[in-house]
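Shown next, in structure tokens, is the structure this report addresses.
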Amino acid sequence: MKNAWKFLAGCGCLSLFAGAVMIGLAMFWFGTNAVTSFDDDSPAPQREDLVKYVNAREGRTGNLADNYVDFSFDYPKTWTVKTADPDNINFVTVERRVNDQTYENLNVGYFSPWPTEEQNQQLYAQVLGQIESQFSKQFQEFHKVGEGSTKVGPYDGHNALYEGWLDSNGTRVNVYIRAIFIANPAGGKGVSMMMIGTSLNPALKEANDLGTKGELPIALDSFRFGSS
């Protein structure tokens, strides 16, 4: 599983996977057997240890220019941020890394809702199949933990949660992946989020901790559509 560990050490391969799955996505329709919440209806105060990322149209080309979305969120100053994506997939990637290994990671791309629930159901099956096919090759016992409704900041969304594991020099490392899709209340393009976390992060004891514990909730709770 050496290649899988290299995957966890950086963001590039995650972005490539997100492109295979997320370009031109429609809104998911999930069941209600797994409900997660990252809810905070009011803007969070800006803290000195945080940086506000504001998405910008300047310099965007290709898919990211054609599908541009205004949004912002906060993230800790200790995280790394990547806004240049040569594959035109993600607007931004922010990551918490320790010893050059991923603790928590968030990629924000875009998606477009389909007009009917039937079309959403078809895409749901297709995309989940792609996720499972891709990561089952990278991680052992990769499987879906649950799917259902969620909130990111004040917005309703839909998510799917997965887990698997890999062997790193004789040590088992659990890997957690969550995909979230959020419609823009103002209409037009929404955003897709792909998160990854590992058991290297002491805060992540199980899959459901991804996005609810650790430092990722800072970004999720503060996420807002709009230009400021």
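Could you give every pair whose Cβ atoms fall below 8 Å, whose first residue belongs to the stretch 140-161 and is over 17 Å from residue 192 (Cβ atoms), and whose second residue is of a type in the set (Lys, Arg) and buried (at least 17 other Cβ atoms within 10 Å of the Cβ), counting only separations of at least 6 or pairs across chains? Within 8 Å, the pairs are 154/224. Candidates are the residues of the stretch 145-159 that are of a type outside the set (Ser, Thr, Tyr) and under 16 Å from residue 216 (Cβ atoms); the one that is surrounded by the fewest Cβ atoms within 10 Å (Cβ to Cβ) is 151.
With respect to residue 221, determine if the residue is touching a residue at least 12 places away in the same chain (Cβ under 8 Å) and outside any strand (DSSP E or B). It is true that residue 221 is touching a residue at least 12 places away in the same chain (Cβ under 8 Å) and outside any strand (DSSP E or B). Taking residue 129 as the residue in question, decide whether it is modelled with pLDDT under 90 and part of a strand (DSSP E or B). So residue 129 does not fit the description; no. Within the stretch 208-217, restricting attention to residues that are surrounded by fewer than 22 Cβ atoms within 10 Å (Cβ to Cβ) and of a type outside the set (D, E, K, R), the residue that is nearest to residue 164 (Cα to Cα) is 208.
Taken over the stretch 171-218, the residue count meeting the criterion of being hydroxyl-bearing (Ser, Thr, Tyr), in a strand (DSSP E or B) and farther than 29 Å from residue 115 by Cβ is 3.
One residue is enough: does the stretch 90-109 have a residue meeting the conditions touching a strand residue (DSSP E or B) at 6+ places or on another chain (Cβ under 9 Å), surrounded by 14 or more Cβ atoms within 10 Å (Cβ to Cβ) and modelled with pLDDT under 85? So far as the stretch 90-109 goes, no, none of its residues is touching a strand residue (DSSP E or B) at 6+ places or on another chain (Cβ under 9 Å), surrounded by 14 or more Cβ atoms within 10 Å (Cβ to Cβ) and modelled with pLDDT under 85. In this structure, does residue 107 turn out to be under 17 Å from the mean Cα position of the chain (by Cα) and farther than 27 Å from residue 208 by Cβ? So residue 107 fails the test.
Restricted to the stretch 166-218, and to residues that are over 19 Å from residue 109 (Cα atoms) and of a type in the set (D, E, K, R), which residue is modelled with the lowest pLDDT? Per the criteria, the residue is 167.
The values are calculated or read from the model by the stated rules, or taken from the named source; none is laboratory data. Computed from a predicted model, the values in this text were never measured in an experiment. Every residue, glycine as well, gets a Cβ built from its backbone with ideal geometry; the counts of neighbours run over all protein chains shown.
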